[in-house]
Amino acid sequence: MTVTVAIALATSEIQLPMEEIQPPLGQLLLRRGAIGENDVAKALSFQASFGGLLGAILIRIGAVAEDAVLEALAEQLDFEVITNDRLPQDPATYATTIKSSGIDSEWWIDQAALAWADDKGTIHCISRDPLRPSLQEALISAFPGKELHWWLIRNRELDFMIDLVRRELTSDGRDIEGDVALLRELAEEAPVVELVSNSMAQAVAEAASDIHVEPREHEFDIRYRIDGVLQSRLTLPRSRFDAVASRIKLISGLDIAERRLPQDGRIGMRISGKDLDIRVSCLPGVWGESIVMRLLMKEHKQFSLAKIGMAPDHLDVFAKLAQEPYGIILVTGPTGSGKSTTLKATLEHIKDGKRKIITVEDPVEYNIPGVTQVQTKADIGYTFARALRSILRQDPDVIMIGEIRDLETAQIAVQASLTGHMVFSTLHTNDSLSAFTRLIDMGLEPFLVASSVREVMAQRLVRRLCPHCRKPHTPGLPIREKCDGLRAQFPGLFAGDPKFFEATGCAKCQHTGYRGRLGIYEVAVLNDEVADMILHQRPMHELQAAVRKTGFRDLLEDGLLKVWQGETSVEEVIRVAGQSGIEGD
């Protein structure tokens, strides 16, 4: 009998002669830049104290994503990784092979092992630790004369199949819905801990901003928001959801027994060599709690106005006004449109060591050296308005308010700007000019808005085309005509020949056609004419006509500039900014 030896899990290690293990797994991961020296030292210390396999320990402590370990093992051992789409999807296929082995089905489940036969009679095997001698001996005895072929496989895909096969082979009638002790026990089990840790590590590796855990009737999904778009990563049986949800709630300080009310928590941890602050939100739904984890990097990021996608004319106007000694500059847009990043880049731009800069935020997402940052705590009544009243006694030159949410905050911001302070803040509006209406609707007097606001900038984020797979594209006539009109209006920006591309997709961009994001903007500067219109509450179309005299472009038009320059696609701009203003289909 021939046994093709492989390993079924990234968390296992193989005891082969030393000449065959060159270099060891830890060195391979270090060489690939997947982990740091401190991660290896921590894992080895844990291994010395408690035992276990190095790959499993690194994943469990959140030092590395499982895919990175798998890739290193594949290189080290020259084995192939089997993906979910190549596995038999019918649990009966595994059940048939397991029953033919003559070994009790519970043993297979306890060993976290599965097997199936192909048309040629080869027995394919996957397991959590397939090189364990007792497992090898048992399968050799169970399938005499058969070739055994082992595969590398991800933990989550193995566990998903085991759950399906368990349902096929056995019936587990335990009801864990109200059993808090059992939920806590399940949340501490190694497979659950590894699944949650690996999901977080994989999200960081893919530069995701959020992790969504969403239950359905029979399954639950884990999805990542990457470049502003949700992408499915994993679907597991609903039977595993309670343990996973309990694990997330346990490490974020939430009540695992409370499922009827929304809860918010946070996790501070180090993942893949990066310190993260993870904000957790649980929302009860029909099939269970929807859980969203927002990933925030703790370490200081280098922000630059020149690198966030502003066109030269927008950058020039915005950067100059940001240096003014007083007034209000507003950045508007929906949640996730990059407003906080723009404001942080602005503070980096104006930070010169000569001015006192204070921010009040909820939450403080990025730490900026040289800036005093204050976090509100609504649960104890420390709101934006209350924090601002204290900030004004701190002799600030520049104040950044995370968001103007109510009249009191707006009034203090106006008061600060009229008494010699520069104020930056955000609003939730669909476009720049709507900010004036929004402030007046809050209860501010029109003359206060007209005399304090210096500039309003609306923004959205569009995905950048992947440079490796984008291909030339000729857009429809309405788009070309719109671009020709903009070229006549902004000849300096729409210079040269257009570089129209469309997305295709490749391995480097996860087959989405896009990698990274950039901003599209519309900038409205208040001159005397615009201020007078706000004072007299003139209709929106008159305001638009007035700001267009100053070189105003709306979001769609600025997006088409990025399309002209080959940075994004027409479809992406229309997805984000809509197509109002484009004639024809």
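Pick out, from L296, V523, T474, the residue whose Cα sits farthest towards the positive end of the charge dipole of the chain, with +1 on the Cβ of Lys and Arg and -1 on the Cβ of Asp and Glu.
Positive-end residue among those listed: V523.
How big is the charge dipole of the chain about its Cα centre, in debye rounded to the nearest 20, if each Lys and Arg gets +1 on its Cβ and each Asp and Glu gets -1 on its Cβ?
Here the size comes out at about 1360 debye.
Can you tell me which aspartates and glutamates have their Cα less than 12 Å from the Cα of K377? Leave out same-chain residues fewer than eight positions away.
Here the aspartates and glutamates satisfying the reach criterion relative to K377 are E361, D362.
In terms of Cα to Cα distance under 30 Å, which lysines are near enough to K120, apart from those fewer than 8 places away along the same chain?
K99, K146
Relative to the longest principal Cα axis of the chain, at what angle does helix 91-100 sit, 0 to 90 degrees, rounded to 10?
That helix lies at roughly 20 degrees to the long axis.
By how many degrees, 0 to 90 and rounded to 10, does the Cα axis of helix 190-205 deviate from the longest principal axis of the chain?
Value to nearest ten degrees: 40.
State, in angstrom, two size descriptors of region 452-498 derived from its alpha carbons: Rg to one decimal place and Dmax to the nearest whole number.
Spelled out, the Cα radius of gyration and Dmax of region 452-498 are 15.2, 47 Å.
Calculate how steeply helix 155-169 sits against the longest principal axis of the alpha-carbon atoms of the chain, using the helix alpha-carbon long axis, and give the answer as 0 to 90 degrees to the nearest 10.
60
Taking region 432-510 on its own, what percent of its Cα-Cα pair distances exceed 19 Å?
Looking at region 432-510, the distances longer than 19 Å represent 64 percent of pairs.
Just add up the charged neighbours of F501: K/R +1, D/E -1, any other residue whose Cβ is under 10 Å from the Cβ of F501.
With Lys, Arg at +1 and Asp, Glu at -1, the neighbours total +1.
Using only Cα atoms, what is the ratio of the radius of gyration of the chain to 2.2 N^0.38 Å?
Dividing the Cα radius of gyration by 2.2 N^0.38 Å gives 1.15.
Report ³J(HN,Hα) in whole Hz for each residue of region 517-534, in order, from the Karplus equation J = 6.51 cos²θ - 1.76 cosθ + 1.60 where θ = phi - 60°; Gly and Pro get x.
Ordered by residue, 3J(HN,Hα) equals 9, 9, x, 10, 9, 9, 10, 10, 9, 7, 9, 4, 5, 5, 4, 5, 5, 5 Hz.
Just to verify a number: what accessible area does C125 come out at with the full protein assembly present, 1.4 Å probe, Å² rounded to tens?
0
List, in the order given, every pair from K274/K354; K307/K549; K274/K562; K320/K499; K307/K499; K320/K344 whose Cα-Cα distance in the structure shown is over 22 Å.
K274/K354; K307/K549; K274/K562; K320/K499
Taking amide H atoms as placed 1.01 Å from N in the peptide plane, list the residues 5 or more away in sequence, or in a different chain, whose amide H sits under 5 Å from that of E219.
Amide H to amide H, under 5 Å and 5 or more residues apart or across chains, E219 pairs with R238.
Which one, W564, G327, Q202, projects farthest toward the positive side of the charge dipole computed for the chain from Cβ point charges (K/R +1, D/E -1)?
Looking along the dipole axis, the top candidate is G327.
Regarding region 355-425, what whole-number volume in Å³ per residue does the convex hull of its Cα atoms give?
Output value, Cα hull per residue: 79 Å³.
Can you return the aspartates and glutamates within cross-link range of K356? Criterion is Cα-Cα under 18 Å, with same-chain partners fewer than 8 residues away left out.
Excluding near neighbours in sequence, the set is E324, E348, D395, D397.
In whole Hz and in residue order, list the ³J(HN,Hα) couplings for region 39-51 that follow from phi through the Karplus curve 6.51 cos²θ - 1.76 cosθ + 1.60, θ = phi - 60°; x for Gly and Pro.
Using θ = phi - 60°, the values come out as 5, 5, 4, 5, 5, 5, 5, 5, 5, 5, 7, 10, x Hz.
Mind ranking W116, W108 by accessible surface for me, highest first, 1.4 Å probe? Intermediate values should be presented prior to the final figure.
Working: W116 20, W108 0 Å².
So, going from the largest accessible area down, we get W116, W108.
Could you do me a favour and compute the accessible area per residue for the chain, 1.4 Å probe, result in Å²?
On a per-residue basis, 45 Å².
Please compute one quarter of the surface area of the Cα convex hull for region 51-153 and express it in square nanometres. Mind showing how you got there, number by number?
Details: hull surface 30.1 nm².
The directionally averaged projection comes out at 7.5 nm².
How big, on average over all directions, is the shadow cast by the Cα convex hull of region 286-375, in nm²?
That works out to 7.9 nm².
Have a look at the DSSP beta bridges in the chain and tell me what percent are antiparallel, nearest 5.
DSSP beta bridges in the chain are roughly 65 percent antiparallel.
The values are calculated or read from the model by the stated rules, or taken from the named source; none is laboratory data. Just so we're clear, the structure is a prediction, and the values are computed from it rather than from any experiment. Every residue, glycine as well, gets a Cβ built from its backbone with ideal geometry; the counts of neighbours run over all protein chains shown. Surface areas here come from the heavy atoms of the whole protein model, side chains and all, with no ligands, DNA or RNA. Shrake-Rupley method; radii C 1.70, N 1.55, O 1.52, S 1.80 Å.
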